[in-house]
1. Provide the descending list of Cα extents for region 1-149 along its principal axes, expressed in whole angstroms.
2. Given N residues in region 215-318, what is its alpha carbon radius of gyration divided by 2.2 N^0.38 Å?
3. Would you mind working out the magnitude of the charge dipole of the chain relative to its Cα centre, with +1 at each Lys and Arg C-beta and -1 at each Asp and Glu C-beta, to the nearest 20 Debye?
4. Put a dot 7 Å past each Cα toward the Cβ at Lys396 and Ala26; how far apart are the dots in nm?
5. Once the Cα atoms of region 43-85 are picked out, what are the Rg and Dmax in Å?
6. How far is it, in nm, from the label point at Leu543 to the one at Ile364 when both lie 7 Å from their Cα along the line to the Cβ?
7. Past 30 Å, Cα to Cα: identify those pairs from Lys308/Lys396; Lys40/Lys214; Lys268/Lys322; Lys100/Lys271; Lys348/Lys396; Lys227/Lys428, in the order given.
8. For the chain, what mean projected area does the convex hull of the alpha carbons give, in nm²?
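What follows is calculated from the coordinates using simple rules that are stated; it is not laboratory data. Note that the structure is a prediction, hence the values are computed from the model and not measured. FYI the Cβ positions are ideal-geometry reconstructions off the backbone, even for glycines, and counts take in every protein chain you see.
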Amino acid sequence: MSNTVISTQADFEHAFLRGDGDLQLAPGTYNLPIPEDADKIYTFNGSIVGTGDSPDDVILIGKVGTNDHLILKNLTMCNADYLDGVIVFNDSVLLLRDVKMTRQGSFDAEECYPLRCDTNAKLVMDNVTVNYPSWGGIRCYEGVQANISNSELQGLFLYNGGSISLVDVSAGEILVNGWNVAATNLQLYDHPGDKGHISFGPKSEWYEKLKGKKWLLYANQGNIMVKNLKLPDELSAGVSPLGMSSGQIIGNVADPEQYEYQPWVDVKEGKVELAGADQRNPFQDGDHQSDHEAVAELQQLIGLATVKKQVTEFIQMALMNKRRKQAGLTPISNSFHSLFEGNPGTGKTTVARLVGRIMHEEGILPTSKYVEVDRGDLVAGYVGQTTTKTKKILEKATGGVLFIDEAYDLVHGSDDSFGLEALDCIMKYMEDNRDKLMIIFAGYTDDMEKLLQQNPGMKSRVPNVFNFEDYSAADIAAIGRLQLRGKQMQFDQPSTETLYNQLIQEHYENSNDHSNGRWIRNQNDLLLRQIAVAISQNPGHPLDQVWADDITRAFSGDGLSDGSRTAGKGATSDSQPTAPLPPLNDDPLPFLTGDELK
């Protein structure tokens with residue numbers, strides 16, 4: 001690289017128009033030359049490096065392309081009313097390091113992009129910030145290989161197949177069309193306003209059904225592996241975190257309990273193994289199915305007949321009050337606050353999440369926020385701190401649902417000044433925000449009655465009581481089967497499933513353990529451990545099958561102990577497992593460091 005530092009516009013134009021070289025720019029603003037035909041673009045191969053203390057010190061205004069290789073470092077690239085600020089033509093390479101990308105002018109932001117990578121281009125970005133005043137997206141086409149790290153993007157549009165690695169990247173919208181995506185610590189954010197979301201256009205078959213629905217990330221025939229996906233604290237109306245029409249998404253949501261809603265993926269078809277996220281299907285046939293998914297999910301829960309009836313009545317009353325207010329009438333009752341009473345494992349948390357979603361889907365609550373806390377989140381150890389701590393939680397949950405688990409533990413008797421302080425703060429706040437917040441106090445029935453006695457006004461302020469009865473033995477067996485299917489396990493034949501039902505129900509009826517869903521989860525853990533032992537002793541035991549011998553060993557202690565079942569016996573199974581999806585393409589993603597540009 002030349003040691004000469006360019007400091008004037010004339011010298012910059014002269015050096016740039018040579019078409020290649022290594023340019024060092026002194027702090028200042030430089031205009032990229034524009035061809036007489038404004039639709040064309042000058043290409044430059046080499047490097048352009050700012051010598052200032054930060055990217056803000058050197059500003060390039062205009063557009064530039066490369067048909068071989070280009071390095072931009074320590075500068076700001078400002079697009080001035082052009083379709084693309086930087087274009088990487090077919091089979092070319094671009095390295096951006098310590099770069100800001102912005103724009104000026106009045107060109108329609110929907111037709112203005114900071115960067116475009118054409119077929120088979122290679123892209124490396126490190127410490128790059130895209131900040132277009134309205135919105136700006138990076139476009140990559142077929143065969144592009146990209147590595148982006150430590151960067152803040154706005155839109156990322158991946159078309160027609162390619163591969164990309166994202167490490168410590170934030171983005172407002174990502175469209176994946178046939179790409180392999182490997183991401184670590186990917187942060188999605190909800191951009192306010194009309195732009196910054198993926199949605200269906202008028203030509204889509206789903207346009208009329210899902211008109212107005214938007215996603216932060218949407219995959220079509222994409223393979224996405226994401227470790228520690230981070231989502232916005234709350235979502236705008238009509239916005240879903242993730243959507244997928246085909247392909248697969250594998251990984252986990254980081255700290256899913258911190259969000260004010262239950263993370264989810266809208267899935268038409270494909271494979272989703274995203275820990276911490278639910279699955280929904282707004283694409284299913286039928287009018288307005290996507291608007292009432294939570295109601296359908298509630299009705300599909302095993303057991304809970306009493307609770308389902310109570311929730312239905314509660315929602316209908318809330319809807320009637322909503323309509324009365326719209327008609328100028330006084331609501332009959334407008335308190336949403338509730339007690340969820342019952343033993344552990346009876347579905348209180350699951351139902352609470354669904355009730356919050358239903359309340360939002362029906363327009364009763366303004367958001368789908370869901371905040372789950374216990375005493376430790378509300379009570380502090382010093383005088384005055386509890387009110388501050390509790391109020392912060394209440395304000396965070398406002399607009400949605402606050403679920404206080406083991407609420408009976410909130411106050412430890414009449415001498416517990418800190419617990420009483422938290423309860424008093426809750427009582428005042430819930431009265432002042434009765435139309436904007438639903439607080440659910442959950443716990444054992446007897447202990448919840450003791451909690452009501454700690455504050456004289458609590459019973460009248462929390463009028464809705466939901467009774468979660470213990471599951472029947474048949475319900476427990478059904479839940480167990482569902483859990484096993486969720487772990488991709490199947491019974492090898494109908495008689496094996498019958499044996500499972502019989503032994504599970506017998507054990508449950510003879511048990512003094514009233515932990516319900518937790519009890520069956522523990523029993524299935526015992527069964528799965530026995531299956532693991534059997535597979536170690538008999539390689540012919542399929543990884544996804546439950547045999548009668550496994551059940552006998554797990555639940556009655558007798559039966560075969562040496563795993564000596566013949567391979568292939570399960571081939572007589574009546575079950576018909578779904579054909580597996582093709583595996584994720586694990587061709588190694590080439591890691592580009594920029595060395596190949598030297």
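1. Extents along the principal axes, in whole Å: 38, 33, 32.
2. 1.19
3. 900 debye
4. Distance between the two pseudo-spin positions: 5.3 nm.
5. That works out to 10.7, 30 Å for Rg and Dmax.
6. It is 4.5 nm.
7. Violating the 30 Å Cα-Cα cut-off are Lys40/Lys214; Lys268/Lys322; Lys100/Lys271; Lys227/Lys428.
8. 34.8 nm²
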